[in-house]
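Accompanying notes for the structure given below.
Taken together, the values in this text are just the output of simple stated rules run on the coordinates, not laboratory data. Model, not experiment: these values are computed from the prediction. Please note: Cβ atoms are built from the backbone with ideal geometry, for glycine as well, and neighbour counts cover all protein chains shown.
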Amino acid sequence: MTLRQHFLATAALFALATPAFAIDLEFYFPVAVGGKAAETVQALTDNYMKAHPDVKISAIYTGSYVDTTAKAITAARGGNPPELIIAGAADMFAFIDEELVVAFDDLVSEADKAAWLGGFFPAFMANSQADGKTWGIPFQRSTPVLYWNKDAFKAAGLDPEKGPANWAEMVEMGKKLTVKDAGGAVKQYGVQIPSSGFPSWLWSGIVAGAGGKMANAAGNETYFNSPEAIAALEAIVALSKTDGVMAPGILEWGSTPKAFFEGQAAMIWTTTGNLTNVRTNAPFPFGVGFLPGLKQNGAPTGGGNFYLMKGNNEAELKAAVDFVKWATSPEQAANWTIATGYVAPRADVWETPVMKDYVAGFPQAAVARDQLQYAIAELTVFEGPKVTQIINSALEAAITGQKSPKEALDAAQADADAILKAYR
Amino acid sequence: MTRTDTFLARVAGWMLALLWVLPLLYAIWAAFHAPEFEAKFDLTAPLTLHNFSRAWEQAPFARYFLNTILLVTMILSVQLVLCTLAAFAFARLEFPGKNAAFALVLVQLMVTPDILLVENYKTIRALGLVDTIVAIGLPYFASGFAIFLLRQTFMTIPRELDEAARVEGCTLLGLLWRVYVPLGKPAMLAFGLVSVSHHWNNFLWPLIITNSVETRPLTVGLSLFSTTDSGTDWALIMAATLMTSAPLLLGFLLFQRQFVQSFMRAGIK
C-alpha cells in the first residue's frame with residue numbers, strides 16, 4: 001500500500017465512522033397513559049439513532065394531545081414546524097384544513113404503499129386517510145372494551161367466564177350485580193359507563209352497536225340525530241333512570257378504574273389503554289370483552305397517529321417517514337404495545353413471537369384486536385374540537401336529565417350542520 | 001355590630017376557609033397514603049412517602065426545580081427594575097406623548113397573553129432564543145400591570161417629599177432610589193407575590209417555547225401525570241403537586257403577615 005492509498009483508506013474509514021448528523025429531526029409526542037410511556041418513546045428514538053447514525057431525532061415530550069396540537073400549530077405558524085408529531089387521529093381534518101400536514105403517499109415507494117400502508121388495520125385507517133391520501137400512520141391507538149369482575153359475577157350467581165354478549169344481557173346481568181345494603185343504598189352498581197369530559201367517545205360505541213355512524217368519510221356531515229344515535233342515548237340514560245343498574249349523573253372517566261377495583265361497579269367501559277393498569281391493580285380476576293351492542297358488535301377507535309408537518313424539505317420528511325416505518329415495524333410495535341397497552345396497529349405485529357407469548361399469557365390483550373373488525377372511526381370531522389364540544393354538551397344535558405335524548409341530539413345536529421355547511 | 005352578627009360573620013368565615021382549604025387537605029391526604037386509601041378516609045391508615053419517591057422518579061424534577069427558580073427570579077428582578085423606572089416616569093416626569101404611551105401600557109392589560117402565542121413565538125425565533133429560559137420570561141418583562149400598579153402608588157406619594165429631596169440636591173435616580181422605592185415597597189411586594197405565583201404555575205407558553213429538560217419548568221414535568229387514557233392515579237398526582245407547590249406554600253405561610261399587609265396597602269384584592 002502506498003502512502004497515498006493508505007491515507008485515502010484512513011480517510012474513508014474515518015468518514016464512515018463519524019456520525020455526520022446529516023439530518024436533524026424534531027419529533028413532538030404526547031403521553032396519555034401512566035407508567036413509563038415517555039421513556040419508552042425516548043428509548044425508541046435512541047435505538048433508531050444507534051442504528052442510523054446519520055439521523056438525529058429530538059423526541060420532545062409535549063403534554064396532552066391538546067397541548068401537542070397547540071404547540072405544533074404555534075411552531076408551524078411561527079415558521080419552525082417539527083418534522084414529525086403524534087397527535088389525535090380525530091384531528092386529521094383540522095390539520096388538512098389548516099394546511100399543516102403532508103400526506104405520506106408521495107414520500108413512500110409504490111412497493112411500500114401496498115406492503116406498509118396496506119398493512120394497517122382498516123378500522124384505524126378509517127380516520128387516517130381522506131381524499132385518497134394517507135395523512136396519519138396509526139401508532140398509539142386504542143378502543144374501548146368492557147371489563148368485568150369475575151368475583152362479583154360468581155357472587156351474583158353468574159358464569160364468571162362469560163361477559164355480556166349484548167346490551168340486553170348487560171342490563172339483565174347488571175340487575176343481578178347491583179347490590180344494596182340493608183338501608184337500600186347501593187353498594188355495588190352493575191355497570192359504569194363514564195360520561196365526564198368526552199362522553200361522545202363511549203357513546204359512539206353504543207351508536208356503532210346500534211348500527212349507526214358518527215359522521216361521513218368526507219368529515220363534513222354528522223349523524224347525531226339518526227334513529228341509531230337517539231336509541232343509543234336513550235339506552236344509556238335508561239341505565240340509571242329505569243334499569244337502575246348504573247349510578248345517576250355524570251360519572252368520572254378518571255376514577256372509573258378505581259370504582260372497579262373497589263367494587264363500586266361490577267362492569268366498566270373504558271379504553272384498552274387501561275389494560276396494564278387494571279392488570280396490575282385489580283385485586284380480583286377480571287374478564288375483558290367486546291362492548292355489548294344494542295343490535296350488533298361495535299366500538300369506536302381512538303388515540304394518536306404520526307403526522308408529517310409541512311414546511312420541511314423532502315430529505316427531512318423522507319427521514320421522518322423512515323423512522324415511522326421503523327417504529328411501526330413488527331418488533332418495535334410489539335414492544336410498544338406490551339409497554340403501554342395500546343393496540344398494535346398491524347396484523348403482522350401480532351404474528352411476532354414476543355406478541356404471541358404476550359397474548360398466550362394474557363389473552364385479554366387480544367380482545368381489542370378482535371373487536372377492530374366491528375369498529376368505526378371516532379368522531380372525525382372538520383372543526384373537530386367545536387363539533388365534539390357540541391355533542392359532548394348535548395350528551396351531558398341528556399344524561400343529567402335537562403333535556404330528552406331526542407331534543408338534545410336534534411339541537412346538536414342543527415348546531416353541527418351550521419358549522420359543517422361551509423365544508424360541503 | 002351586635003353579638004349575633006359577629007358570631008355569624010365568624011362562622012361564615014370559618015366555613016369559607018374550610019371550603020377553600022378542602023382541596024389542599026385532600027391533596028395532603030392522598031399524597032401521604034397508599035392508593036387504596038384515595039377514597040377511604042380511615043384515620044388509622046398507614047402513612048407513606050412512597051408516592052413522593054414514585055413521582056420524583058418519573059421526571060428530572062431536580063432540574064425542573066432549578067429551572068423554575070431561575071425563571072421566576074429572573075422575571076421578577078427584571079420586572080421590578082424596568083417597571084419601577086417606567087412607573088416613575090409616568091408618575092412624575094413630563095415628556096411628549098406621555099399619555100398616549102401610558103394608554104398603550106394599559107392596553108396590554110386588556111389583551112390575554114394566549115392570543116399572542118404565535119406572534120411571541122415568531123419574535124423569539126427571530127431573536128434565536130427558542131428553547132431558552134430567557135425566552136420563557138421575555139414576553140413578561142415589561143408588565144403592564146406592574147407599571148400601572150407602581151405608577152398609582154408613586155402618585156400617592158406627597159409632592160413635598162419629592163421637592164424636599166430635590167432641594168437637597170438629589171439627582172433624579174437618587175430621588176427614585178431614596179424616596180419612591182422605599183415608599184413603594186408594599187406595592188412591589190404584593191406585585192412580587194402575584195408575579196412569582198403566576199410564573200411558577202404558567203404552563204402553556206413554557207411548553208410551547210421550550211423543548212429540552214435543561215430549560216423546562218416544573219409545570220411541564222407535572223403534565224406527565226395527566227394520563228387520560230389509563231385512569232387517574234390520584235395519589236401520584238397529589239404527591240407531585242404538593243412537591244412542586246411546596247416552596248410557594250411554605251413561602252406564603254412564613255411571610256403571610258407581610259403579604260396580607262402589603263396587599264391591603266397596595267389595594268390589590
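Structural remarks
- Neighbours by Cβ (under 9 Å, 6+ apart or cross-chain): first from segment A:59-79, more than 7 Å from chain B (Cβ to nearest Cβ) and touching a residue at least 60 places away in the same chain (Cβ under 8 Å); second among the aromatic types (Phe, Trp, Tyr) and not in a strand (DSSP E or B): A:ALA72/A:PHE95
- Test: B:LEU254 is away from chain A (no Cβ under 14 Å), farther than 30 Å from B:LEU116 by Cα and more than 23 Å from the chain's Cα centre (by Cα): no
- In segment B:9-54, residue farthest from A:VAL278 (Cα to Cα) [restricted to those that are aliphatic (A, V, I, L, M) and either surrounded by 15 or more Cβ atoms within 10 Å (Cβ to Cβ) or within 14 Å of chain A (Cβ to nearest Cβ) (or both)]: B:ALA27
- Within segment A:302-334, considering residues that are under 17 Å from the mean Cα position of the chain (by Cα) and of a type in the set (S, T, N, Q), the one farthest from A:TRP201 (Cα to Cα): A:THR328
- Qualifying residue in segment A:245-259 (condition: more than 9 Å from chain B (Cβ to nearest Cβ), touching a residue at least 60 places away in the same chain (Cβ under 8 Å) and more than 22 Å from A:VAL179 (Cα to Cα)): no
- Of the helices (runs of 4 or more DSSP H) lying entirely inside segment B:27-118, not one is found with 2 or more residues being of a type in the set (Asp, Glu).
- For the criterion of being assigned to a loop (DSSP other than H, G, I, E, B), in contact with a helix residue (DSSP H, G or I) (Cβ under 9 Å, 6 or more places away or on another chain) and crowded, with 24+ Cβ neighbours inside 10 Å, A:LEU275 fails.
- Evaluating A:ILE268 against the criteria (1) closer than 18 Å to A:GLU407 by Cβ; (2) within 14 Å of another protein chain (Cβ to nearest Cβ) leaves one unmet condition, (1).
- Residue ranges of helices (runs of 4 or more DSSP H) in segment B:168-236 with at least 1 members surrounded by 21 or more Cβ atoms within 10 Å (Cβ to Cβ): B:181-201, B:204-209, B:218-222
- Residues in segment A:377-398 that are of a type in the set (Asp, Glu) and either within 24 Å of A:ALA238 (Cβ to Cβ) or not in a loop (DSSP other than H, G, I, E, B) (or both): A:GLU378, A:GLU396.
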